[in-house]
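Chemist: This is the structure I have questions about; it appears just below.
The values are calculated or read from the model by the stated rules, or taken from the named source; none is laboratory data. Just so you know, these numbers come straight off a predicted model, no measurement behind them. Every residue, glycine among them, receives a Cβ derived from its backbone with ideal geometry; neighbour counts consider all protein chains shown. To get the accessible areas, we keep the full protein, side chains included, count just its heavy atoms, and leave off ligands, DNA and RNA. Shrake-Rupley method; radii C 1.70, N 1.55, O 1.52, S 1.80 Å.
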Amino acid sequence: MRVMTFIRLLLARLRSKRAVLGLGHRWAESGKLSLARAAFQRVLQSRDPYLARNAALQLWAVHAQLGDLRRSHQMYQEALRFQAADKKESLGRAAISIGSALGANYSFADVPVPRVTEKIYPLMIRSADEEVSAAAAIGFGMMQWELANKLYDRTRSDQVAESFQIAFDTRHPEYAPTAAHWLAFFYDQIGKPGRGRSALQWLVDSGDPEYADEAAHSLERLEQG
């Protein structure tokens, strides 16, 4: 009890939220997860959407490591909301952005989240909640795509298409359009554009305001061979 009171006083004295975030990183890396949770929770209250998103991602990992998957899932979705609000993008796009960032930062020693997420994402994808599953599948697919390119690891490529397909199959209004777009784009990038035809057709039929027009052009190019 005295230790936690001291920690709260310490965090309250640190005026810079970035300093608190850095302290939380160090505690997380050294396995002091309860202390890290307290630090990240304080940063979560920041008005800076970048810091708040970062804190939410850290809490996503910390809660999972502490065995609280419900709170972990909530923090991931909170991170998506911060990302979407900050960049004025859809939640689907936010999931792509976060997955890409996690893949890009995977080997950075001062970013403890990415390696942990390789275990967390699959748990979320298996969730009975389609919103949780779809959001996680998009992020995981994009992270694996980044890592496949970064680490020259072709085995990760199979997980990219599989993850985007899972998100697309939910037909969740916030995530399925993004998943369909990136699934088709992924197949195009690996030289198998025909495999993305059904996803493109679905986007056209749905009239999605963000992706339908581009999907129609892609379908037209496919028809022309």
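Chemist: Just subtract the alpha-carbon distance of ARG197 and ALA216 from 0.36 nm times their residue separation and send over the number in nm, one decimal.
Modeler: Length gained, ARG197 through ALA216: 5.8 nm.
Chemist: Something else about it: Using alpha-carbon pairs under 8 Å, 6+ residues apart, how would you state the relative contact order of the chain in percent?
Modeler: Computed over the chain, the figure is 11 percent.
Chemist: How big is the charge dipole of the stretch 19-69 about its Cα centre, in debye rounded to the nearest 20, if each Lys and Arg gets +1 on its Cβ and each Asp and Glu gets -1 on its Cβ?
Modeler: I would put it at about 120 debye.
Chemist: Around THR170, what is the net charge, scoring Lys/Arg as +1 and Asp/Glu as -1 over all other residues with Cβ under 9 Å from its Cβ?
Modeler: Residues close to THR170 contribute a combined charge of -2.
Chemist: Related question: Under a point-charge model restricted to the Cβ atoms of Lys and Arg (+1) and Asp and Glu (-1), what is the dipole moment magnitude of the chain relative to its Cα centre, in debye to the nearest 20?
Modeler: Using Cβ point charges on Lys, Arg, Asp and Glu, the chain gives about 1620 debye.
Chemist: What is the distance in Å between the Cα centroid of the stretch 37-80 and that of the stretch 133-185?
Modeler: 22
Chemist: Expressed as a fraction of 2.2 N^0.38 Å, the rule-of-thumb size for a compact globular protein of N residues, what is the C-alpha radius of gyration of the chain?
Modeler: 1.10
Chemist: Now a separate question. Set the Förster distance to 41 Å, then compute FRET efficiency between ALA85 and GLU223 from the Cβ-Cβ distance, nearest 0.05.
Modeler: E(calc), rounded to 0.05, equals 0.60.
Chemist: Something else about it: Helix hunt in the chain: which complete DSSP H runs extend at least 20 Å axially by C-alpha with mean Kyte-Doolittle at least 1.6?
Modeler: Result, helices passing both filters: zero.
Chemist: Extension gain ASP153-LEU123, at 0.36 nm per residue separation less the Cα-Cα distance, in nm?
Modeler: 8.6 nm
Chemist: Further question: Leaving out ligands, DNA and RNA, and with a 1.4 Å probe, what % of the accessible surface on the chain is carbon or sulfur?
Modeler: 50
Chemist: Of the cross-linked pairs LYS32/LYS119; LYS87/LYS150; LYS32/LYS87, which ones have a Cα-Cα span greater than 29 Å in the structure shown?
Modeler: Going by Cα-Cα distance, LYS32/LYS87 fall outside the 29 Å limit.
Chemist: Additional query: Which listed residue (LEU33, GLY141, LEU200) has the Cα farthest towards the positive end of the charge dipole for the chain, taking +1 on Lys and Arg C-beta and -1 on Asp and Glu C-beta about the Cα centre?
Modeler: The residue sitting farthest along the positive end of the dipole is LEU33.
Chemist: Same structure, new question: Rounded to the nearest 500, what is the 222 nm mean residue ellipticity of the chain from helices alone, with -39500 (n - 2.57) per DSSP H run of 4+ residues and division by all residues?
Modeler: Estimated from H runs of four or more residues: -24500 deg cm²/dmol.
Chemist: Can I ask one more? Using modelled amide H (1.01 Å from N, peptide plane; none on Pro or chain starts), what sits under 5 Å from the amide H of TYR175, excluding residues fewer than 5 places away?
Modeler: Close amide H contacts, sequence-distant or interchain: none at all.
Chemist: Per residue, how much accessible area does the chain show when a 1.4 Å probe rolls over the protein heavy atoms, in square angstrom?
Modeler: Value for the chain: 52 Å² per residue.
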